[in-house]
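Before any comments, here is the structure.
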Amino acid sequence: MLRKIASFTVNHDTLTPGLYVSRIDGDCVTYDLRMKKPNGGDYLGQGALHTLEHLLATFIRSSDDSDAVIYVGPMGCRTGFYLIMRDSVSRRRVLEICREAFAFAADFTGSIPGARRTECGNYRAHDLEGARREAAAYAKVLDACSESTFAY
């Protein structure tokens with residue numbers, strides 16, 4: 001029998017955009033970077049999501065805390081991203097990293113990192129302007145977040 005995974009136990013009808021601790025597994029903390037209200041009809045466009053994945057992963061993996069980064073990637077439902085970090089990085093620092101990463105993405109100009117045919121499995125599916133808009137909107141959400149709002 002299949003077990004119900006932790007993320008499916010969160011009531012998605014009441015979940016709002018924010019930054020949450022999704023789960024803790026040993027020394028790894030999974031953060032839910034929820035950009036859109038689940039089942040709200042407004043989702044990240046595929047191109048914007050893909051471009052944000054490239055920008056966020058590149059920025060976060062280039063940070064001073066890069067050795068503690070396990071994973072940065074999109075949710076299949078297109079409502080946000082997961083960030084998995086070692087617990088050696090404080091929650092306060094994770095919030096700072098996210099704020100810096102989304103500000104970077106909101107202001108990004110130039111060539112999208114890792115978006116050439118030889119680097120990306122779907123290199124034509126990018127939307128920089130959409131990614132910038134979504135990053136700017138989520139940056140405002142992050143401004144209202146604190147360690148005390150990290151619980152679902």
Query raised in the report: Relative to the present Cα-Cα distance, how much length would full extension add between TYR152 and SER111 at 0.36 nm per residue of separation?
Result: 11.2 nm
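If you wrap the chain's Cα atoms in a convex hull and average its projection over all directions, what's the area in nm²?
9.9
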**Report entry** Positive minus negative residues near ARG132 (Lys, Arg vs Asp, Glu; Cβ under 15 Å)
**Finding:** -3
**Report entry** Helix-derived mean residue ellipticity, 222 nm - over the chain, DSSP H n ≥ 4, -39500 (n - 2.57), to 500
**Finding:** -10500 deg cm²/dmol
Query raised in the report: In debye, nearest 20: dipole of the chain around its Cα centre with unit charges on the Cβ of K, R (+) and D, E (-)?
Result: 400
Report summary line: Whole-Hz Karplus couplings 3J(HN,Hα) for region 140-146, θ = phi - 60° and coefficients 6.51, -1.76, 1.60, Gly and Pro as x, run 5, 5, 5, 4, 8, 8, 8
Query raised in the report: Using a simple charge model, +1 on the beta-carbon of Lys and Arg, -1 on the beta-carbon of Asp and Glu, nothing else, what dipole does region 94-152 show about its Cα centre, in debye to the nearest 20?
Result: 320
Report summary line: Karplus ³J(HN,Hα) for region 106-116 (6.51 cos²θ - 1.76 cosθ + 1.60, θ = phi - 60°; Hz, whole; x = Gly/Pro) runs 5, 9, 5, 9, x, 7, 5, x, x, 9, 7
Query raised in the report: Which shape class applies to region 88-152: rounded if a/c is under 1.5, otherwise prolate when a/b exceeds b/c and oblate if not, where a ≥ b ≥ c are the square roots of the Cα gyration tensor eigenvalues?
Result: prolate
Requested in this report: Would you mind computing, in nm to one decimal, how far apart the modelled labels at THR16 and ASN122 are, each placed 7 Å from Cα along Cα→Cβ?
Outcome: 3.1
Query raised in the report: Reachable lysines from LYS140, Cα under 24 Å, same-chain residues fewer than 8 places away excluded?
Result: LYS36, LYS37
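No lab work stands behind these numbers, since they all come straight from the coordinates. All of these numbers come straight from a predicted model, not from anything done at the bench. With ideal geometry, Cβ positions are generated from the backbone for all residues, glycine too; neighbour counts draw on all protein chains shown.
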